[in-house]
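Worksheet: the structure to be examined is printed underneath.
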Amino acid sequence: GEHLRICPQGYTCCTSEMEENFANKSRSEFEAMMKETGRSVQTILTAQYRNFDNYFQDLLNKSEKALYDSFPSLYGELYTQNMKVFKDLYSELRRYYRGSNINLEEALNEFWTRLLERLFKLMNAQYHITDEYLDCMVKHAEQHKPFGEVPRDLKVKATRAFIVARSYAQGFLVGSDVVKKVSQVSLSHECTRAVMKLIYCPHCRGMASVKPCSNYCLNVVKGCLANQADLNTEWKYLMDALVAVADRIDGPYNVDTVIGTIHMRISEAISNLQENKDSITAKVFQGCGNPKISTKGSSSEDKKRRGKVTLEAKSSAVALEMLVLDAKGNLTALKSYWITLPGVLCSKKVMASSAADDKCWNGMTKGSYLPEVMGDGLANQINNPEVEVDITKPDMTIRQQIMQLKIMTNRLGNANIGNDVDFQDASDDMSGSGSGDSCPDDVCGKRLSKSPSTRQPETHAIPKQSGHGVTGASSRSLPSAFLLFLSGASIAVHHLWR
């Protein structure tokens, strides 16, 4: 066997060509094992995303349908002449959820302003009300609260519910994408040799039925997946963050209660306006002056609708509770995925022998394996007896995915305390993650225009599907210098601090 370059140079059954073929086979089989194992994790995370996404969309669709079904009979012309205002609201809510760069609070404020202008004009159709007069009316509206406390209350609750919902859905997609990218990292030359020696060198020694020693297998795989194991810390943080946000979704920011009753809150607001129409009109006239009488005639307001009508909303709280329980169970099970991966591959894929077996393949012959098992991660491979690992050269693809995990965890941490995150800024940073929209008014006012951006999300946007729409952790501060070092690129880290 003097011609062998990888296997022990004793008597052998293998030619140089056979050894080379075995090496190529080792590489392709090991990479296939990684992808297959990764796909099982991707399947779990993607299923969790789809389950929640379908649930959330269904809530929003039912609320919108209830509005369209009930408002014509409740409000007559007040609704029929303003249908677009309501359609635009639900459209904006969906765009926000899918990841568009929309300031949600601003979108809700715009809805109430447009609705007030149109309803005030309709309810006072006997007057000639100009755009300038409406501007004055809107300025006075804040102190008169024509819609009661509904706009403020809905803004607080809806923004929190939407923030956690879209960050939660996004977290599953980011986790799945990280696994996919990391599972596609190719095997190094040193690893190809080590895996070949582990799996196929026994064939060359006439020991095809002898299984590799368990600890020997672990050292080979830990050396080959040293960079992947370094994902462990940030991966655990992401899983914990998703669990914490899941508790918010089925707790303080209850998505079922808030999203499923949007139409009811709007109805309550319109009722408040109707009931206080005379006093509000008088106050507006006092502040803005008496408008001229219109030549078109008297008010065309529908007189049938008076008093409060309670709309019903069917609760799906049980379905939400089950979704959250299932998600938390899966997330907890996946927390240690990257450091348990070598053991899983050795026991289930390579079919290594038991740890106590002294008749297993130890890399040279049939016998026991004496070296100790290395720790997890790149730094612990400096003395790996089976794989030559350069611990000074981390894999940049995997370092980028570690950054993605950091950013997504930070985004979830913000969502967990009710802070908005800007998905567009995230993708500009490094195909990835974001910052807060809940900034002081003097900052947001300068940064965000009144009309929502139409720019499409560039990364990890929640995919659009058919139908009306598309079918938590503590916030950890990340030192900017450290982030720049890890990313290897210029990253607008200030987004993470908002």
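Quick look at the numbers
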| read-out | value |
| --- | --- |
| Members of the stretch 358-403 found to be assigned to a helix (DSSP H, G or I) and of a type in the set (Val, Ile, Thr), listed by number | Thr397, Ile398, Ile402 |
| Options Tyr253, Tyr237, Tyr216; residue that is within 20 Å of Val178 (Cβ to Cβ) and of a type in the set (Phe, Trp, Tyr) | Tyr237 |
| Test: Lys359 is over 34 Å from the mean Cα position of the chain (by Cα), over 17 Å from Gly223 (Cα atoms) and open to solvent by 50 Å² or more (accessible area, probe 1.4 Å) | yes |
| Filtered residues of the stretch 128-169 (kept if outside any helix (DSSP H, G or I), surrounded by 15 or more Cβ atoms within 10 Å (Cβ to Cβ) and either modelled with pLDDT of 90 or more or in contact with a Cys (Cβ under 8 Å, 6 or more places away or on another chain) (or both)) | Pro146, Phe147, Gly148 |
| Checking Val210 against (1) out of contact with any Gly (no Cβ under 9 Å at 6 or more places or on another chain); (2) within 25 Å of Asp58 (Cβ to Cβ); (3) assigned to a loop (DSSP other than H, G, I, E, B), the condition it does not meet | (2) |
| Selection within the stretch 94-119 - open to solvent by 20 Å² or more (accessible area, probe 1.4 Å) and not in a helix (DSSP H, G or I) | Arg98, Asn101, Asn103 |
| The one condition in (1) modelled with pLDDT under 95; (2) open to solvent by less than 80 Å² (accessible area, probe 1.4 Å) that Asn383 fails to fulfil | (2) |
| The stretch 396-422 - residue that is more than 22 Å from Lys335 (Cα to Cα) and open to solvent by less than 60 Å² (accessible area, probe 1.4 Å) and, of those, modelled with the lowest pLDDT | Asp422 |
| Ser176 vs. criteria within 29 Å of the chain's Cα centre (by Cα), assigned to a helix (DSSP H, G or I), among the hydroxyl-bearing types (Ser, Thr, Tyr) and within 30 Å of Cys346 (Cα to Cα) | yes |
| Some residue of the stretch 373-381 being of a type in the set (Asp, Glu) and over 30 Å from Ser167 (Cα atoms) | yes |
| Counted residues, the stretch 65-86 - those being out of contact with any Asp or Glu (no Cβ under 7 Å at 6 or more places or on another chain), open to solvent by 10 Å² or more (accessible area, probe 1.4 Å) and under 20 Å from Leu273 (Cα atoms) | 9 |
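Here's the yes/no breakdown for (1) farther than 26 Å from Gln42 by Cβ; (2) open to solvent by less than 30 Å² (accessible area, probe 1.4 Å); (3) under 38 Å from the mean Cα position of the chain (by Cα):
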position	(1), (2), (3)
Lys180	no, no, yes
Glu190	yes, no, yes
Arg193	yes, no, no
Met196	yes, yes, no
Arg205	yes, no, no
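Table: residues versus (1) part of a helix (DSSP H, G or I); (2) under 20 Å from Ile163 (Cβ atoms); (3) open to solvent by less than 70 Å² (accessible area, probe 1.4 Å); (4) β-branched (Val, Ile, Thr).
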{"residue": "Asn24", "(1), (2), (3), (4)": "yes, no, no, no"}
{"residue": "Glu29", "(1), (2), (3), (4)": "yes, no, yes, no"}
{"residue": "Met33", "(1), (2), (3), (4)": "yes, no, yes, no"}
{"residue": "Thr37", "(1), (2), (3), (4)": "yes, no, yes, yes"}
{"residue": "Val41", "(1), (2), (3), (4)": "yes, no, yes, yes"}
{"residue": "Leu45", "(1), (2), (3), (4)": "yes, no, yes, no"}
{"residue": "Arg50", "(1), (2), (3), (4)": "yes, no, no, no"}
{"residue": "Leu59", "(1), (2), (3), (4)": "yes, yes, yes, no"}
{"residue": "Ser63", "(1), (2), (3), (4)": "yes, yes, yes, no"}
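The values are calculated or read from the model by the stated rules, or taken from the named source; none is laboratory data. The model shown is predicted, which means the values in this text are computed figures rather than measured ones. Please note: Cβ atoms are built from the backbone with ideal geometry, for glycine as well, and neighbour counts cover all protein chains shown. The protein model used for the area step is the full one, side chains on, heavy atoms only, and it has no ligands, DNA or RNA in it. Shrake-Rupley method; radii C 1.70, N 1.55, O 1.52, S 1.80 Å.
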